[in-house]
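*Asks:* Structure in structure tokens, see below.
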Amino acid sequence: MFRFILYLAALGLLKGASATNQTFTSSGEMDITSCPITYYGQKYDRVYVKSRVICVLNAVCSVTGSTVIDFVGRVQSVPDRCGYTLLQSSLFPGLKLLAVFQERRRKDVCFLDRLIVQLEGVQISMEQSGRVQLGDKVLTLKNTAQVVHGVELSRDQTGVTAKISASYDTVSILFDGYTTIIHMTGPRAAAVNGLCGNSTRSLNEERVTGPWSAGCEMQYNDAPDSTINCNATTKWCNLLKRAPFAACNKHINPEPFITACTNTLCKYPAVDGLKCQNLEAYARACSRNGNVKMESWRETTNCREPVFCKDRFCSAHEFCGQRNVGEHSCLCRAIFASKYRSTGTFGEPTVCQQSSTSISLANCLLEDKSIDYSGLHLNDQACKGQMDNLTHMVMFKVDGNNTCGTVVMANDSQVIYKNTISARKTSHTGLIHRHNGMVIDVSCFYNQPDVKTYVIKVQHSTSIQKITSGEWNYNLTMTAYTDPDRMNAIQSSNNIEMNQKIWVELKTDGLDERMVHVVTDSCWATDQPSPNGSLRYDLIIKGCPNPTDDTVKVEGNGLGTSNFFSFNTFQFSDTAGSVYLHCRLELCVKQDDACVPLCHRNARRRRSVMSTYKDENPTFISMAWTY
């Protein structure tokens, strides 16, 4: 027979606990006395290790909703949508466990959204629906644990478990997409920091930065939910003090869990199984910390086995929740959805580019209205939306290769491309229906050229004006050349003589030539910057050369997004000042050759330019020359 002394120091996370001497005797198979009673509610167990008995910590930290119940049973609520350190200890070198919180149906209540296990150079993200990512790679997990960079990872019907061991110390992390249970065991003494530990650091000091950080501290206030009965909620939460939970009360104090339960359910509706999740958290803590099994609690409370949206992966602006009884789907987070719901829209504004139009709709907003994105189409029913598997945004796109039934029209100020997203028409024989039809207009427009007089001496060669037309932008350029191939723009060093032929090109950049053409409607000269000067000489009239001036030639008018004309320079009689050239242009919806002016003498003018301009508000671009 022999005796040995085990000196057990209170672990660093148990603030205020004094060191304890415990004597054990052994004879044959070792006659072992009990381990010391608990410190601050934390239980110590007898463990037989290498021919001796030691006492080890058996501590649980729980996070459910926005409430953290730390290793010593204290309750702390996270008020925002930021990331926080839950656990960090020298017992597990390099390990840092982070929790990221996000809103769900309400903007003012956050929930545990994912856990991040950080090790040296490694980041493992445990997310909703049982998804686990190693960096950007999604891991496939099974019931049998697999070791990933020293972390044992497994997945079963209760959630995902990550287990890290160092010597005889172990931390086990269970996450079911809503609640986490962190179970820490081991014989060694060391401080445990983070929200689960006994750190004296404040919430702000435990906050960590990451991709989720932008604006995460912003606080919101939603109107109270009138459907919530806090008295009934409190009564429900107090079930944790009654059988069968009462069997665990001497091992795990139920009060922190009751506080966590009421904190959430007195402010947030009892959806997505929240009522049962709070009881589940206590039952799991009892199973691990108190080794108390309460098999009958589900029958007593009518709570089903937990379903954590298995394999229902949602985007960053969604969460997995219960839309209807027994139906789980990706729902919009409240902050994301609010900016669209306030305007009655389903997604981002139409994006208009030079030769394409696109619009993105959020699938979770569509599903809120029971709209199946796969049944939506543009004017051409063959043109359907494509959903991005990562973002769950549904994209509709029109371009020159497939116009999808886009209608092009014009009025006095704009050329408009218009399409419509609507639901596929289906026949039905019933007397009633409960869903309204859906119609979303998709349109882009070019403003007709609306350029104020911009005078440049011909020596400077070019007049350029950028036109911003609501959604589409394009440039209009007026350039003078000395050659018909328009290779030699007139420079300041060029001498322009009287009666010298010059070529003037009017060119746009940013228009879709397959849909819109440019028509030079008129060009004329005045003796002053204003296009309405008392002296006026016409070069182009209604898209055609002035029939009285044989030097004027017009080329390519209405055939594309540019055209040019030529004439011989001149000076007004009895004046010695500059000559100012003004041109007025129009955008024309392309329809065969309908945009091309018919300029033969005595021929009936054939043009189908749907937009015209009033004389009191002309649209023009100008330049000048002098001698």
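*Asks:* Go over the candidates ASN563, ASN532 one by one and state the one that is modelled with pLDDT of 85 or more and either polar (S, T, N, Q) or in contact with a Lys or Arg (Cβ under 6 Å, 6 or more places away or on another chain) (or both).
*Replies:* It is ASN563.
*Asks:* If you don't mind, there's one more thing I want to ask. Which of the residues spanning region 118-162 are assigned to a loop (DSSP other than H, G, I, E, B) and among the hydrophobic types (A, V, I, L, M, F, W, C)?
*Replies:* Of everything in region 118-162, those that are assigned to a loop (DSSP other than H, G, I, E, B) and among the hydrophobic types (A, V, I, L, M, F, W, C) turn out to be LEU141, ALA145.
*Asks:* So which residues in region 251-290 are polar (S, T, N, Q), under 22 Å from GLN157 (Cα atoms) and in contact (Cβ under 8 Å) with a residue 24 or more places away in the chain, if there are any at all?
*Replies:* Of everything in region 251-290, those that are polar (S, T, N, Q), under 22 Å from GLN157 (Cα atoms) and in contact (Cβ under 8 Å) with a residue 24 or more places away in the chain turn out to be GLN277, ASN278, ASN289.
*Asks:* Which residue, of LEU598, LEU581, LEU539, LEU559, is open to solvent by less than 50 Å² (accessible area, probe 1.4 Å) and within 54 Å of the chain's Cα centre (by Cα)?
*Replies:* Answer to the selection: LEU581.
To keep it simple, each residue is scored yes or no on (1) more than 30 Å from ARG131 (Cα to Cα); (2) at pLDDT below 95.
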| site | (1), (2) |
| --- | --- |
| PRO224 | yes, yes |
| THR234 | yes, no |
| LEU239 | yes, no |
| LYS250 | yes, yes |
| ASP272 | no, yes |
| GLU299 | no, yes |
| CYS309 | no, yes |
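*Asks:* Within the set of pairs 6+ apart or on separate chains, which have a first residue in region 338-362 that is within 17 Å of HIS317 (Cα to Cα) and without any contact (Cβ under 8 Å) to a residue 40 or more places away in the chain, a second that is in a loop (DSSP other than H, G, I, E, B) and open to solvent by less than 30 Å² (accessible area, probe 1.4 Å), and C-beta atoms under 6 Å apart?
*Replies:* none
*Asks:* Against the condition out of contact with any Ser or Thr (no Cβ under 7 Å at 6 or more places or on another chain), part of a loop (DSSP other than H, G, I, E, B), among the hydrophobic types (A, V, I, L, M, F, W, C) and open to solvent by 20 Å² or more (accessible area, probe 1.4 Å), how does ALA243 come out, does it pass?
*Replies:* It is true that ALA243 is out of contact with any Ser or Thr (no Cβ under 7 Å at 6 or more places or on another chain), part of a loop (DSSP other than H, G, I, E, B), among the hydrophobic types (A, V, I, L, M, F, W, C) and open to solvent by 20 Å² or more (accessible area, probe 1.4 Å).
*Asks:* Which residue out of ALA247, ALA232 is small (Gly, Ala, Ser), more than 21 Å from THR158 (Cβ to Cβ) and over 35 Å from the mean Cα position of the chain (by Cα)?
*Replies:* ALA232
Here is a yes/no grid of residues against (1) among the charged types (D, E, K, R); (2) open to solvent by 40 Å² or more (accessible area, probe 1.4 Å); (3) in contact with a helix residue (DSSP H, G or I) (Cβ under 8 Å, 6 or more places away or on another chain); (4) assigned to a helix (DSSP H, G or I):
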position: ASN204; (1), (2), (3), (4): no, yes, no, yes
position: ALA214; (1), (2), (3), (4): no, yes, no, no
position: THR227; (1), (2), (3), (4): no, yes, no, no
position: ILE252; (1), (2), (3), (4): no, no, yes, no
position: ALA283; (1), (2), (3), (4): no, no, yes, yes
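*Asks:* Scan region 67-108 residue by residue and report those that are assigned to a loop (DSSP other than H, G, I, E, B), of a type outside the set (Lys, Arg), open to solvent by 20 Å² or more (accessible area, probe 1.4 Å) and farther than 17 Å from SER213 by Cα.
*Replies:* Across region 67-108, the qualifying residues are VAL72, GLY73, SER90, PRO93, GLY94.
*Asks:* Given (1) acidic (Asp, Glu); (2) out of contact with any strand residue (DSSP E or B) (no Cβ under 7 Å at 6 or more places or on another chain); (3) at pLDDT 90 or above, where does GLU152 come up short, assuming only one miss?
*Replies:* Among (1) acidic (Asp, Glu); (2) out of contact with any strand residue (DSSP E or B) (no Cβ under 7 Å at 6 or more places or on another chain); (3) at pLDDT 90 or above, GLU152 violates only (2).
*Asks:* Then there's this: Could you say whether any residue in region 425-439 is open to solvent by less than 60 Å² (accessible area, probe 1.4 Å) and either under 24 Å from ASP512 (Cβ atoms) or modelled with pLDDT of 85 or more (or both)?
*Replies:* No - not one qualifying residue is present in region 425-439.
*Asks:* Counting just the residues of region 562-578 that are closer than 30 Å to LYS590 by Cα and in contact (Cβ under 8 Å) with a residue 60 or more places away in the chain, which one comes out most open to solvent (accessible area, probe 1.4 Å)?
*Replies:* This residue is PHE564.
*Asks:* Okay, moving on. Testing VAL117 on (1) more than 16 Å from ALA281 (Cβ to Cβ); (2) at pLDDT below 95; (3) among the aliphatic types (A, V, I, L, M), one condition comes back false. Which one is that?
*Replies:* (2)
*Asks:* Counting just the residues of region 161-170 that are of a type outside the set (Lys, Arg) and at pLDDT 95 or above, which one comes out nearest to LEU57 (Cα to Cα)?
*Replies:* The qualifying residue nearest to LEU57 (Cα to Cα) is ILE164.
*Asks:* Restricting attention to region 502-516, which residues are touching a residue at least 60 places away in the same chain (Cβ under 8 Å), assigned to a strand (DSSP E or B) and either open to solvent by 10 Å² or more (accessible area, probe 1.4 Å) or in contact with an Asp or Glu (Cβ under 7 Å, 6 or more places away or on another chain) (or both)?
*Replies:* TRP503
*Asks:* Is region 515-522 home to any residue that is farther than 25 Å from GLN353 by Cβ and among the aliphatic types (A, V, I, L, M)?
*Replies:* Looking for residues that are farther than 25 Å from GLN353 by Cβ and among the aliphatic types (A, V, I, L, M), one finds none in region 515-522, hence no.
*Asks:* Mind listing whichever residues of region 330-345 are surrounded by fewer than 18 Cβ atoms within 10 Å (Cβ to Cβ), modelled with pLDDT of 90 or more and small (Gly, Ala, Ser)?
*Replies:* Result: SER338, single match.
*Asks:* Quick check: is even one residue across region 180-188 at pLDDT 90 or above and part of a loop (DSSP other than H, G, I, E, B)?
*Replies:* Within region 180-188, none of the residues are at pLDDT 90 or above and part of a loop (DSSP other than H, G, I, E, B).
*Asks:* Report, by residue number, each residue of region 359-396 that is in a helix (DSSP H, G or I) and of a type in the set (Phe, Trp, Tyr).
*Replies:* Once the filter is applied, which keeps residues that are in a helix (DSSP H, G or I) and of a type in the set (Phe, Trp, Tyr), region 359-396 yields only TYR373.
*Asks:* Report, by residue number, each residue of region 397-418 that is part of a loop (DSSP other than H, G, I, E, B) and either buried (at least 18 other Cβ atoms within 10 Å of the Cβ) or touching a residue at least 60 places away in the same chain (Cβ under 8 Å) (or both).
*Replies:* Matches in region 397-418: GLY400, THR403, CYS404, THR406, ASN411, ASP412, SER413.
*Asks:* Same structure, new question: Can you tell me which residues in region 517-536 are loosely packed, with under 15 Cβ neighbours inside 10 Å and either free of Cβ contacts under 8 Å to residues at least 12 places away in the same chain or in contact with a Pro (Cβ under 8 Å, 6 or more places away or on another chain) (or both)?
*Replies:* ASN532, SER534
The values are calculated or read from the model by the stated rules, or taken from the named source; none is laboratory data. Note that this is a predicted model, so its numbers are computed, not measured. Virtual Cβ from ideal backbone geometry, glycine too; neighbours counted across all protein chains shown. Calculation scope for accessible area: heavy atoms of the full protein, side chains included, ligands and nucleic acids excluded. Shrake-Rupley method; radii C 1.70, N 1.55, O 1.52, S 1.80 Å.
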